[in-house]
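Okay, so here's the structure we're looking at.
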Amino acid sequence: MSGIEENPWVSEKDRLRAHFTQLDHGPPPTPTSVSLGSPISPLDTHDGDGSSSGPQQHQDCPLTPPPYSGPSRTSQLDLLTPPDSHSQGRAQRSHQTHEHPGLPCLDYRLYSPPLFELSSDCTTIKSNAPYLSTTTQALTSLIRSQATVPPKPQVHVTGRRAHKLDFAIKLNLMPLLIPGDARQRMDYIRCVGAGEVAYRGGTRPGLQPDVGDHAGLEEWARRFVDDTSPVKSFVLERTVANLDTDWLEGQIRSLVASTAYKGVVTVTFPVTHRRVEVQNPDKVNKLFTGLTALFVGKSSYEVVKAVWPFATCSRAEAAEAGVVRRCAVQSEEQWWKEWAQPIRYAIATKRHGWVTNEDKLEAMMEGKGKGVSAVNWGPSEDW
């Protein structure tokens, strides 16, 4: 799985579209409604194509997660908190946040918490800490805190002629999920609902047990803790919704084609830091646990997702339904206008590595990449 999903379980994008369409035609939810409202507001700065490019609070209908979800962080409760307690809450949280100039405002310590190990491909952190598989409150607290940081979606572009790798560039798309104003964030937690196929505590995905649409994270965590299976795991998956990777891939391929490059071009969108897994401790050692899981099976709970929407709907859906598409930070078109020139320059110079903000600064301040001659390079010696 890449982590960039348009259909996590029962089409996440359809749920988002239906929810925001309902908001546009109905009264905003209240604190006593079924859904727990988020103070996040829609983004109203639009491009010519109808997408939005920057955060601007909408006064008519607050942007809220779909009704099957809940807030992933304390700040989402600010609008439900009396005004006189806001300053006190912000003061308390200021001691917990660590700002890094030039980077999205996140608690980066959550990507490498104590007693967790990061997989070699940087997609999963895993822990066998006993307290996490025996205490419901500890597990729910961990999942909620881990849901407050996004996965890291990327773009990888390579060009190869026979056995020769001409260029291999990477770009980080994570900043497109995190607006500068935390109140504009769109992320939320959701649990699997009725009729959705998922690992619900067995060795195979299925529809049972059905704990009801109103069962939340606490109920699933309790079931995991009470499970007496010899090997069991509980997973939080971070996903990206409504990022139009097909459109971005088309733009990248068109750019490379304009250089008359003769090699094979590959464009992928891998996502790292997308899974958090808790497993009960090894009764003997890892080998014994692996053999037990192989012959007996592992009781898996993959029922919770932290959804990080790039926008409220896809570009195609916005055009088809005639609705306003609100982006968390900026549209795909805006991103491409800013990065096309640095990408072209990196390809022309046979870059092997990241294309970063420094490349974008050099393109804007020094004109690097502007008027770059055609690449071509001809066939490689072993073509």
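Bear in mind that the values in this text are calculations on the coordinates, not laboratory data. No experiment lies behind these values; they were computed from the predicted model shown. With ideal geometry, Cβ positions are generated from the backbone for all residues, glycine too; neighbour counts draw on all protein chains shown.
Quick one: check the C-alpha center-to-center distance for the range 200-262 versus the range 137-157, whole angstrom.
Rounded to whole Å, the Cα centres lie 12 Å apart.
How do W220, W247 rank when sorted from fewest to most other Cβ atoms within 10 Å of their own Cβ?
Starting with the residue having the fewest Cβ neighbours, the order is W247, W220.
Just check the range 161-242 against the gyration tensor rule for me: Cα atoms, a ≥ b ≥ c as the square roots of the eigenvalues, rounded for a/c under 1.5, and otherwise prolate or oblate depending on whether a/b exceeds b/c.
Oblate, because a/c is 1.5 or more while a/b does not exceed b/c.
Kindly rank 224-234, 111-121 from highest to lowest mean number of other beta carbons found within 10 Å of each residue.
Ranking, from highest mean packing down: 224-234, 111-121.
Report the full-extension gain for the segment S254 to H100: residue separation times 0.36 nm, less the Cα-Cα distance, to one decimal in nm. Intermediate results must be reported in sequence, preceding the final value.
On the way: separation 154, 0.36 × 154 = 55.44 nm, distance 3.56 nm.
Additional length available on full extension: 51.9 nm.
May I ask for the net charge around L115, where only other residues with Cβ less than 15 Å from the Cβ of L115 are counted and Lys, Arg are +1 while Asp, Glu are -1?
Net local charge, L115 excluded: -1.
May I ask you to compute the full-extension gain from Y108 to S120, defined as 0.36 nm times their residue separation minus their alpha-carbon distance, rounded to one decimal in nm?
Details: separation 12, 0.36 × 12 = 4.32 nm, distance 1.86 nm.
2.5 nm is the gain from fully extending Y108 to S120.
For G297, what is the net charge nearby, where nearby means another residue's Cβ is under 12 Å from its Cβ and Lys, Arg count +1, Asp, Glu -1? Don't skip to the answer; put the middle values down first.
Working: positive: R204, K232, K298; negative: none.
Net charge in that neighbourhood comes out at +3.
Give the peptides 198-208, 332-342, 271-281, 362-372 in descending order of average Cβ contacts within 10 Å, highest first.
Top of the packing list down: 271-281, 332-342, 198-208, 362-372.
In whole Hz and in residue order, list the ³J(HN,Hα) couplings for the range 178-194 that follow from phi through the Karplus curve 6.51 cos²θ - 1.76 cosθ + 1.60, θ = phi - 60°; x for Gly and Pro.
Working through the residues one at a time gives 10, x, x, 8, 4, 6, 8, 5, 9, 5, 7, 9, 9, 10, 4, x, 4 Hz.
Order these by the 10 Å Cβ neighbour count, fewest first: L255, L361, L176.
Listed from fewest to most nearby Cβ atoms, that is L361, L255, L176.
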